[in-house]
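Participant: Structure provided below as structure tokens; questions to follow.
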Amino acid sequence: MARKALFISVADLKKRSLIDGNVDSSKITQYIEVAQDVHIQNYLGGKLYKSMQQLIISGDILLAENADYKLLLDDFIKPMLIWYSQATLMPYISFSVNNGGVQKRTSETSDAATKEELSYLTQEMNSTAEFYTKRFLDYMCLNNVKYPEYSQNTSEDMYPDKDVNYTGGWYI
């Protein structure tokens with residue numbers, strides 16, 4: 001199985017999100033990976049996604065000649081992934097599956113969020129992720145020449161989605 005790099009760490013997610021630092025990292029990592037596969041790969045496209053993976057795995061992202069890729073990662077990809085990861089994790093964080101079936105964890109010192117509150121929170125997280133996605137797409141529109149892989153996808157690659165269905169803001 002090929003090695004896979006996550007574009008953010010669990011520490012990045014905990015530091016820059018609603019997720020408490022005490023949440024078990026093993027309960028978070030798979031949701032970062034899912035958000036990265038589903039959302040980030042969708043907007044980077046297959047070739048740029050694979051290129052970013054390779055630069056991170058090899059450590060070459062830190063080389064001066066890859067400064068544009070490091071900027072793309074730090075300023076655009078990471079904020080998108082932090083918010084998409086939170087939104088992906090939110091519906092599942094209170095549940096676990098064990099030999100006794102599906103269990104909902106609760107705390108003695110707090111009230112569990114209602115389904116409506118959880119839905120609202122997830123929607124807001126997705127809205128923020130979409131904002132960062134729009135920033136990424138605007139940046140790529142103006143700077144795609146710096147990232148030739150963005151437009152060099154072939155039939156076996158995932159083509160980048162170049163539009164975001166922004167759902168943020170209030171509707172009246």
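Participant: Along the charge dipole of the chain, which of GLN30, SER85, LEU48 sits closest to the positive end, that is, farthest toward it, with unit charges on the beta carbon of Lys, Arg, Asp and Glu (+1, +1, -1, -1)?
Facilitator: Working it through, the farthest residue towards the positive pole turns out to be GLN30.
Participant: How much length would be gained if the chain were fully extended between SER25 and SER155, taking 0.36 nm per residue of separation minus their Cα-Cα distance, in nm to one decimal?
Facilitator: 43.1 nm
Participant: Rounded to the nearest 0.05, what FRET efficiency do LYS146 and LEU121 have when you use their Cβ-Cβ distance and R0 = 45 Å?
Facilitator: FRET efficiency, LYS146 to LEU121: 0.80.
Participant: Can you list, bin by bin at 5 Å, the percent of alpha carbon pairs in the chain, starting at 0?
Facilitator: 1, 8, 15, 19, 19, 15, 10, 7, 4, 2, 0
Participant: At 222 nm, what value in deg cm²/dmol follows for the chain if DSSP H runs of at least 4 each add -39500 (n - 2.57) and the sum is divided by all its residues, to the nearest 500? Before the final figure, lay out the partial values.
Facilitator: Numbers: 7 runs with 77 residues, N = 172.
The helix-only estimate for the chain comes to -13500 deg cm²/dmol at 222 nm.
Participant: Quick one: putting +1 on the C-beta of Lys and Arg, -1 on the C-beta of Asp and Glu, what dipole do you get for the chain around its Cα centre, in Debye to the nearest 20?
Facilitator: 220
Participant: To continue, here is another question. Hey, which lysines would be in cross-link range of LYS50, C-alpha to C-alpha under 25 Å, not counting anything within fewer than 8 residues on its own chain?
Facilitator: Cα-Cα hits under 25 Å: LYS4, LYS70, LYS78, LYS134, LYS146, LYS162.
Here, each number is a calculation from the coordinates, and none is a lab measurement. None of the values given here were measured: they were computed from a predicted structure. Please note: Cβ atoms are built from the backbone with ideal geometry, for glycine as well, and neighbour counts cover all protein chains shown.
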